[in-house]
Amino acid sequence: MTGFYSKDFILESAYGQFYFSSIVVYFIATIGAIFTTLYSVKVLYLTFLSNPHGSLINYKQAHEGDIYMSLPLIILAVFSIFFGYITKDIFIGLGSAFFSDNSLFIHPSHEIMIESEWGVPRLFKLLPFVFTILFSILALVIFEFYSPLLLYFKYSRFGYNLFGFFNQRFLIELFYNKYITGTILALGGQTTKVIDKGSIELLGPFGLEKGLLNLSKNIASLDTGVITSYALYILVGLTFYLAIPYLSLTDNSLLLLICFA
């Protein structure tokens with residue numbers, strides 16, 4: 001009861017293309033529609049038919065809403081059940097000009113509405129509705145009258161594996177967490193270690209601090225107490241000072257290289 005053209009017409013349009021792939025999509029989407037209805041039936045069953053599983057204080061004071069809450073819900077319920085089916089032609093009809101021929105533009109070469117409306121057999125138009133009602137009744141009967149049989153099947157080896165397969169979402173999340181999430185986390189850890197704790201720290205305050213400490217230790221190691229070493233330092237400095245004008249006139253890159261050295 002989600003509106004006619006939001007589900008049934010999509011299924012009819014899938015079948016109405018008359019390709020093998022579209023027919024497969026029709027049956028897969030029909031199965032999805034059945035399970036969607038089963039979820040809704042389960043919610044209604046647990047809410048209104050089954051015994052409450054919570055504490056008494058949670059539902060003892062439960063009551064219907066007042067008219068200000070009930071009236072909008074009644075209006076929405078009526079529209080959700082009948083509005084889509086009654087006003088289908090307004091939204092997707094070929095002969096309607098309510099929305100300037102269509103609310104959704106479809107290129108003429110991709111138009112399949114005629115085939116969907118008159119080419120799809122009546123059986124496949126009613127199949128989602130019939131299966132929905134059939135499986136809903138079947139689920140209610142099994143859960144209400146044959147629950148021990150259901151539990152026996154669930155705890156059998158085949159039933160347990162089947163239930164685990166569907167309960168774990170076709171094992172998609174297992175493979176995703178094992179092969180994709182773990183790999184991305186490991187890559188992120190290495191990236192953090194190499195870039196954040198590696199390059200950024202070496203080029204940032206930590207690297208600057210270590211560099212200045214090493215430079216100060218190297219400069220302090222020049223203090224040997226030997227007079228000949230001091231004379232050598234003075235001679236090298238004087239030679240370099242006298243050579244600066246000549247080095248700058250010939251090639252600045254050589255002067256920069258010596259300074260960095």
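Just so it is clear, none of the values below were taken in a lab; they were calculated from the coordinates. Just so it is clear, the model here is predicted, and its values are computed rather than measured. We place every Cβ from the backbone using ideal geometry, glycine too, and count neighbours over all the protein chains shown.
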FRET E, pair residue 57, residue 126, Förster distance 45 Å, beta-carbon r, rounded to 0.05:
0.45
Candidates 203, 38, 138: whichever shows maximal mean-square fluctuation once the chain is modelled as a Gaussian network with Cα springs under 10 Å
203
Here the FRET efficiency for residue 208 versus residue 176, based on Cβ atoms and R0 = 41 Å and rounded to 0.05, is 0.45
Give the lysines whose C-alpha is closer than 22 Å to that of residue 88, dropping any in the same chain fewer than 8 places away, or say none.
7, 125
Would you calculate the convex hull of the Cα atoms in the chain and tell me its volume per residue in Å³?
447 Å³
Nearest-0.05 FRET efficiency for residue 169 and residue 201 at R0 = 35 Å, using Cβ-Cβ distance, is 0.25
Show which aspartates and glutamates lie in cross-link reach of residue 193 when reach means a straight Cα distance below 16 angstrom and same-chain residues fewer than eight apart are skipped.
201
Which of the DSSP-defined H helices in the chain satisfy a minimum axial length of 27 Å, computed from C-alpha atoms, and a minimum mean Kyte-Doolittle hydropathy of 0.5?
20-44, 122-145, 227-250
Return a whole-number percent for the relative contact order of the chain, with Cα pairs under 8 Å and 6 or more residues apart as the contact set.
20 percent
Could you tell me the distance between the Cα centroids of the stretch 51-95 and the stretch 218-232, to the nearest Å?
93 Å
Over all Cα pairs of the stretch 12-86, the Kirkwood radius sets Rh, and Rg/Rh then becomes 1.18
Does the stretch 98-236 classify as rounded, prolate or oblate by the C-alpha gyration tensor (a ≥ b ≥ c root eigenvalues; a/c under 1.5 gives rounded; else a/b over b/c gives prolate, otherwise oblate)?
oblate
